[in-house]
Amino acid sequence: HGIPQYYIDSCNKIKYLFPKGHACAYVTMAVRVAYFKIYYPLEFYATFFSLRCDQYDIESLIKGEDAIYQALSEFKDRRNSNNPELALTNKEEEVEKGLILALEMAERGYKFANIDIMRSDSDNFIIDLENKALIPPFKVLDGIGAEASKEIIRARNEKPFDSILDFKTRGKVSSKTVELLRKIHALDGYRENDEITLFDLGLF
């Protein structure tokens, strides 16, 4: 049928070659991705981190460019050490992929805001155009699943959280998650419990 020998040889070696239509579809998709990455950067990064990223180093992300670079440097040193005991786990390799794109995002002048217990979504990063930032969802926290995240959102939709105790109780949040949120200062500004003191009433 007049098929060039190089094509037959290639098929025998690698089993599959892109037909032209398949190649065109990939190029078209690449152009679309590039367009959004250039002209709608926050929308691009929000989509990537919501749908294409499964593991997160939330502490480094919210601390910004220097912390992200430091985390990547530590991964690189471990990778280059040739010490089996320092080899990256599968989870750490996924974290590293996200950090690489997060560093690019930071270098372009965008940032990650902190988790906001009154605004964060369960699964998707929220775009904050005014502050050129992304608000992380609850899923970035280790130990909190989709159902637990939705429980927090259900509780806050009933009424705003008054205190950390209220957040923990009505949101059905574990002590471990509360401590992690404390560590990253996501609970700053909330009092510990619902008790109203004379100071709260403005009497002193």
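Check Ile117, Ile135, Ile144 and return the single one that is over 15 Å from the mean Cα position of the chain (by Cα) and buried (at least 18 other Cβ atoms within 10 Å of the Cβ). Steps first, answer last, please.
Values: Ile135 fails: over 15 Å from the mean Cα position of the chain (by Cα); Ile144 fails: over 15 Å from the mean Cα position of the chain (by Cα).
Within the list Ile117, Ile135, Ile144, the selection yields Ile117.
Taking the stated definitions as given, is Ala146 among the hydrophobic types (A, V, I, L, M, F, W, C), free of Cβ contacts under 8 Å to residues at least 12 places away in the same chain and within 28 Å of Ser174 (Cβ to Cβ)? It would help to see each step written out before you state the result.
On the way: among the hydrophobic types (A, V, I, L, M, F, W, C): yes; free of Cβ contacts under 8 Å to residues at least 12 places away in the same chain: no; within 28 Å of Ser174 (Cβ to Cβ): yes.
Spelling it out, it is not the case that Ala146 is among the hydrophobic types (A, V, I, L, M, F, W, C), free of Cβ contacts under 8 Å to residues at least 12 places away in the same chain and within 28 Å of Ser174 (Cβ to Cβ).
Within the range 148-158, identify whether any single residue is assigned to a loop (DSSP other than H, G, I, E, B), under 19 Å from Asp188 (Cβ atoms) and either charged (D, E, K, R) or at pLDDT below 95 (or both), and answer yes or no. Spell out the reasoning first.
Applying the first criterion (assigned to a loop (DSSP other than H, G, I, E, B)) to the range 148-158 yields none.
No; the residues of the range 148-158 include none that is assigned to a loop (DSSP other than H, G, I, E, B), under 19 Å from Asp188 (Cβ atoms) and either charged (D, E, K, R) or at pLDDT below 95 (or both).
Consider Asn82 against the criteria (1) open to solvent by less than 40 Å² (accessible area, probe 1.4 Å); (2) among the polar types (S, T, N, Q); (3) on the phi > 0 side of the Ramachandran plot: it satisfies all of them except one. Which criterion is unmet?
The number of the failed condition is (1).
Which residue pairs have Cβ atoms under 6 Å apart, sit 6 or more places apart or on different chains, and have a first residue in the range 26-45 that is within 14 Å of Glu104 (Cβ to Cβ) and a second that is assigned to a helix (DSSP H, G or I) and open to solvent by 90 Å² or more (accessible area, probe 1.4 Å)?
Final answer for the pair search is Phe44/Phe36.
Looking only at the range 120-132, which residues are closer than 19 Å to Lys63 by Cβ and surrounded by fewer than 14 Cβ atoms within 10 Å (Cβ to Cβ)?
Listed by number, the list holds a single entry, Asn131.
Specify the residue that is nearest to Ile184 (Cα to Cα); the eligible residues are those in the range 103-138 that are part of a helix (DSSP H, G or I) and touching a helix residue (DSSP H, G or I) at 6+ places or on another chain (Cβ under 6 Å).
Quick first cut of the range 103-138, residues part of a helix (DSSP H, G or I) only: 103-107, 138.
So of that shortlist, the ones also touching a helix residue (DSSP H, G or I) at 6+ places or on another chain (Cβ under 6 Å) come out as 103, 105-106, 138.
On the way: Leu103: 19, Met105: 20, Ala106: 19, Phe138: 13 Å.
Out of the qualifying residues, it is Phe138.
The values are calculated or read from the model by the stated rules, or taken from the named source; none is laboratory data. If you're wondering where the values come from, they're calculated on a predicted model, not measured in any experiment. In this analysis, Cβ positions are derived from the backbone assuming ideal geometry, glycine residues included, and neighbour counts consider all displayed protein chains. Remember, those area values only see protein heavy atoms, side chains included, never the ligands or the DNA or RNA. Shrake-Rupley method; radii C 1.70, N 1.55, O 1.52, S 1.80 Å.
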